[in-house]
C-alpha cells in the first residue's frame, strides 16, 4: 500500500478519501484554497497546504501548484476525487512523470473516453449499443443541420469534449438545432477548449442507468452492479439508487456484461463508470451507451452500501498493485440503497443559494444511514464551487424499507444559512412514479 496520499480535491469527497486513507494507515495531505481553510477536510488531513485563491484555475485546477505541494510534502500518490483535475489526462501524465502514483486509469484511456465521439466509437466496436449519431465532431452549423437530417430529430446536442452533464442541449427541429448549436459550441470552446459537437438521438422518456466497473491490478475487470441516476435537474443528478427499480433482469445482465467488455477493450484499471440510457417499457427495454467517466463518481456510496465494500480502498489497492480486499468476481449485492445530494440551492428552481452555515444537524443514530458531508456549523458555502454540501445515503433490505428510512433521515437533517434542497426530496418521496420506481429523466421537469 502507498504510504502517503495527496487528495487533489475539496469538500465531502476529500473528507471521504481521507477517512479511508486514515483507516489504512496512509498519511494524507490536503490541498486547499484560501477560502476553504476552515473546512473539515483541511483539519482532518495529516497535513494541509494552501495552494491559491478561491478561483479553481488558481487552486484546485492548477496542476503546477498541486504537483508542487505533492513534491514538497513527500506524497507518494495523488487521488483526484471527481471534477477539477480528475479527468485531465495531461495532469495524470505529469503525476506519473514526477514519479508519483496516479490513483486512476491510464492517461491514454482518460483521453480516449474524455472525447464523447471517440468513446462512443470505441465501445461500439465491442458490440455495445450506441444511439444513432455523428461519427465525427461537427464543427459548423451547416454541417450540423445536414447531419441532423440523417440522424433524425429529436436530437441531443453535446459538447464532444464535455462531461458530467455539462454542455448539452435538446433540439426538436432545425430552428432549435441552430439555436442550440451556437450556444453549446460556444460553451464547449470556453469550458473545454474544443468547440466540437456530437449530435445524438434524444430519448425523452428514458432512464439514466450507469454500471460501476473496477479494473483490477491483474487486468481483470469486474462490474459492481448498476445505479439509477434519472432524478436530474439541468442534466445534473440529484438522487441515485441501486439496484435500479423497474429494470428488466435480462437487460441488467446484458448491460453489466457490455460494460465489462468495454473496460477490457481499453485496458481499464481502477474505478470507472459506464453510463447508459435505457428506453422502452418492461419486456421491451433496450439500452444505448451514453459516456464513460474515468474516475470515482459522486454516487459511489450506493454501490458501497449494497456490495459492502469501500471503493476508495479498492482504488488505492489497484494503484498500489495489490489484489482487491476480497474476491470481487463473485460478490453479490444485498438490499437497496438511495443517495440524496444535499445542495446549497433553493428547492423550487434549484438556483444556487450560498451562505454561512448557522445550523448543521445530520441525522444520527439511525440504522442504515450514512452522511458524507463537506461542511459543518460555522463554515461557509461560497459561490466559487459546486453547490454540493453533503450526500445522504440510506440502505435497507428492500426498496420500500429504504424509502421509509429516507423519510426519517430527511426529517432529521437540518441546515440553516445557505438555501438547501432538502424539502424537494421530501416532496419527491411522495411522487407516485418515484415511489413505484417507474420514473424517467423527465420526473423533475414534470414536478416543476
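The values are calculated or read from the model by the stated rules, or taken from the named source; none is laboratory data. Small disclaimer: the values here were computed from a predicted structure and weren't measured. Quick reminder, even Gly has a Cβ in these numbers, built from the backbone with ideal geometry, and neighbours come from all protein chains shown.
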Just checking, which of 14, 30 is part of a helix (DSSP H, G or I), touching a strand residue (DSSP E or B) at 6+ places or on another chain (Cβ under 8 Å) and surrounded by 24 or more Cβ atoms within 10 Å (Cβ to Cβ)? 14
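Restricting to region 196-218, and then to whatever is touching a strand residue (DSSP E or B) at 6+ places or on another chain (Cβ under 8 Å) and not in a strand (DSSP E or B), can you tell me which residue is modelled with the highest pLDDT? Walk me through it before giving the result.
The first filter runs over region 196-218 and keeps only residues touching a strand residue (DSSP E or B) at 6+ places or on another chain (Cβ under 8 Å), leaving 196-203, 205-216.
Filter once more, keeping what is not in a strand (DSSP E or B): 196, 202-203, 205, 216.
Values: 196: 92, 202: 92, 203: 90, 205: 84, 216: 98.
Only one residue fits best here, namely 216.
For region 219-295, please list each of the strands (runs of 3 or more DSSP E) lying entirely inside it that holds at least 1 residues being modelled with pLDDT of 95 or more and more than 19 Å from the chain's Cα centre (by Cα). Spell out the reasoning first.
Numbers: elements: 221-233, 236-242, 270-279, 286-293.
Of the strands (runs of 3 or more DSSP E) lying wholly inside region 219-295, those with at least 1 residues that are modelled with pLDDT of 95 or more and more than 19 Å from the chain's Cα centre (by Cα) span 221-233, 286-293.
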Any idea how many residues of region 63-73 are surrounded by fewer than 20 Cβ atoms within 10 Å (Cβ to Cβ) and touching a strand residue (DSSP E or B) at 6+ places or on another chain (Cβ under 6 Å)? 2
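Quick one: would you say residue 91 is within 19 Å of residue 300 (Cβ to Cβ) and surrounded by 21 or more Cβ atoms within 10 Å (Cβ to Cβ)? Spell out the reasoning first.
Working: within 19 Å of residue 300 (Cβ to Cβ): no; surrounded by 21 or more Cβ atoms within 10 Å (Cβ to Cβ): yes.
For residue 91, the condition - within 19 Å of residue 300 (Cβ to Cβ) and surrounded by 21 or more Cβ atoms within 10 Å (Cβ to Cβ) - is not met.
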Just one of the numbered conditions (1) without any contact (Cβ under 8 Å) to a residue 40 or more places away in the chain; (2) more than 17 Å from residue 288 (Cα to Cα); (3) under 21 Å from the mean Cα position of the chain (by Cα) is not true of residue 114; which one? (1)
Answer yes or no: is there a residue in region 64-80 that is in a loop (DSSP other than H, G, I, E, B), under 30 Å from residue 277 (Cβ atoms) and modelled with pLDDT of 95 or more. yes
Among the candidates 433, 382, single out the residue that is within 23 Å of residue 227 (Cβ to Cβ) and surrounded by fewer than 20 Cβ atoms within 10 Å (Cβ to Cβ). 433
Would region 64-80 turn up any residue that is within 23 Å of the chain's Cα centre (by Cα) and free of Cβ contacts under 8 Å to residues at least 24 places away in the same chain? no
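Of the residues 144, 92, only one is closer than 23 Å to residue 320 by Cβ and assigned to a helix (DSSP H, G or I); which?
92
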Tell me yes or no: at least one residue of region 117-140 is more than 30 Å from residue 69 (Cβ to Cβ), under 19 Å from the mean Cα position of the chain (by Cα) and touching a residue at least 12 places away in the same chain (Cβ under 8 Å). yes
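Condition test on residue 322, is it under 22 Å from the mean Cα position of the chain (by Cα) and touching a residue at least 12 places away in the same chain (Cβ under 8 Å)? Even if it seems obvious, please write down each step before you answer.
Values: under 22 Å from the mean Cα position of the chain (by Cα): no; touching a residue at least 12 places away in the same chain (Cβ under 8 Å): yes.
No.
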Selected residue [touching a residue at least 40 places away in the same chain (Cβ under 8 Å), crowded, with 20+ Cβ neighbours inside 10 Å, farther than 30 Å from residue 247 by Cα and over 23 Å from the mean Cα position of the chain (by Cα)] from 417, 374, 355: 417
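Any residue that is part of a helix (DSSP H, G or I), crowded, with 16+ Cβ neighbours inside 10 Å, modelled with pLDDT under 95 and touching a helix residue (DSSP H, G or I) at 6+ places or on another chain (Cβ under 9 Å) - is there at least one of those in region 100-114? First the steps, then the outcome.
Let us first name the residues in region 100-114 that are part of a helix (DSSP H, G or I), namely 107-114.
So of that shortlist, the ones also crowded, with 16+ Cβ neighbours inside 10 Å come out as 107, 109-114.
Still in the running and modelled with pLDDT under 95: 114.
With touching a helix residue (DSSP H, G or I) at 6+ places or on another chain (Cβ under 9 Å) added as a condition, the list becomes 114.
Yes, there is a match, as at least one residue in region 100-114 is part of a helix (DSSP H, G or I), crowded, with 16+ Cβ neighbours inside 10 Å, modelled with pLDDT under 95 and touching a helix residue (DSSP H, G or I) at 6+ places or on another chain (Cβ under 9 Å).
Being in contact with a helix residue (DSSP H, G or I) (Cβ under 6 Å, 6 or more places away or on another chain), over 29 Å from residue 56 (Cα atoms) and outside the structural domain of residue 15 (by TED's automatic domain parsing) narrows it down to one of 410, 403, so name that one.
Numbers: 403 fails: in contact with a helix residue (DSSP H, G or I) (Cβ under 6 Å, 6 or more places away or on another chain).
From the options 410, 403, the qualifying one is 410.
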